[in-house]
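Asker: My questions will all concern the structure given below.
The values are calculated or read from the model by the stated rules, or taken from the named source; none is laboratory data. Nothing here was measured: the structure is a model prediction, and the numbers come from that model. Note that we place each Cβ from the backbone using ideal geometry, even for glycine, and neighbour counts take in every protein chain shown. Accessible surface is based on the protein model in full, side chains and every heavy atom, while ligands, DNA and RNA are left aside. Shrake-Rupley method; radii C 1.70, N 1.55, O 1.52, S 1.80 Å.
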Amino acid sequence: MSTSDSRTGTGKTDAAESTSKLPAFDSASSPSEQGLGSGKGSAARGASRSPKKSAPAAGAEKERRGPRRVRLTLARLDPFSVMKLSFLVAIAVGIATVIAVVLLWNLVEAIGLWGKIDQLGRDLNGGNPLPFMEFFSFSKMTSYGTIVAVVNVVIITALGTLGAFLYNLVAALLGGLKMTFTDE
């Protein structure tokens, strides 16, 4: 199989030209005459034993078009880390649930819906209040929202962990989830 170096113009390479040359010691000046770190190949000038990079190699980097893509496979999920993450998400959902219950109850109270429902119940019940209206007080609604939030924390955490175990089983059988990432 024949390969050509794309950095050269003719495509032909000479074996002597392709090898890297180390800087030669100049015999005209002795090491004592030169200051420390001032000779050819000194660390002060940034010389190294690797071959010098040519300018066309930098142009090859500019030729690359579009973002770099990497294909990866998600082969396994750590159940403990999924449990921690799902617990934190469930806590956030629980806090949002309690806040939503409080805001909705205040909104319904502000537009006077509880009073209208109570008045309608009194009209239909011969002037007596409806017995189930006591369940719609602010403190009881907040308590209901908190109970639902705590139950959701337990359920969401358990389902997240169970989902990680199930994903690991399916990924072991089928190979996992294949994803492509791009570098933009």
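Asker: Report whether or not Ile117 is touching a residue at least 12 places away in the same chain (Cβ under 8 Å), open to solvent by less than 70 Å² (accessible area, probe 1.4 Å), closer than 30 Å to Leu169 by Cβ and out of contact with any Ser or Thr (no Cβ under 6 Å at 6 or more places or on another chain).
Answerer: Working: touching a residue at least 12 places away in the same chain (Cβ under 8 Å): yes; open to solvent by less than 70 Å² (accessible area, probe 1.4 Å): yes; closer than 30 Å to Leu169 by Cβ: no; out of contact with any Ser or Thr (no Cβ under 6 Å at 6 or more places or on another chain): yes.
For Ile117, the condition - touching a residue at least 12 places away in the same chain (Cβ under 8 Å), open to solvent by less than 70 Å² (accessible area, probe 1.4 Å), closer than 30 Å to Leu169 by Cβ and out of contact with any Ser or Thr (no Cβ under 6 Å at 6 or more places or on another chain) - is not met.
Asker: Just one of (1) under 23 Å from Asp78 (Cβ atoms); (2) assigned to a helix (DSSP H, G or I); (3) open to solvent by 80 Å² or more (accessible area, probe 1.4 Å); (4) not aliphatic (A, V, I, L, M) trips up Phe132, so point out which.
Answerer: The number of the failed condition is (1).
Asker: Still on this structure, please answer the following. Only one of Thr157, Thr161, Thr146, Thr97 is assigned to a helix (DSSP H, G or I), modelled with pLDDT of 95 or more, surrounded by 14 or more Cβ atoms within 10 Å (Cβ to Cβ) and touching a Phe, Trp or Tyr at 6+ places or on another chain (Cβ under 7 Å); which?
Answerer: Checking each option against the conditions leaves just Thr157.
Asker: Let me ask another. Could you please let me know if Lys140 is open to solvent by less than 90 Å² (accessible area, probe 1.4 Å), more than 30 Å from Leu77 (Cβ to Cβ) and charged (D, E, K, R)?
Answerer: yes
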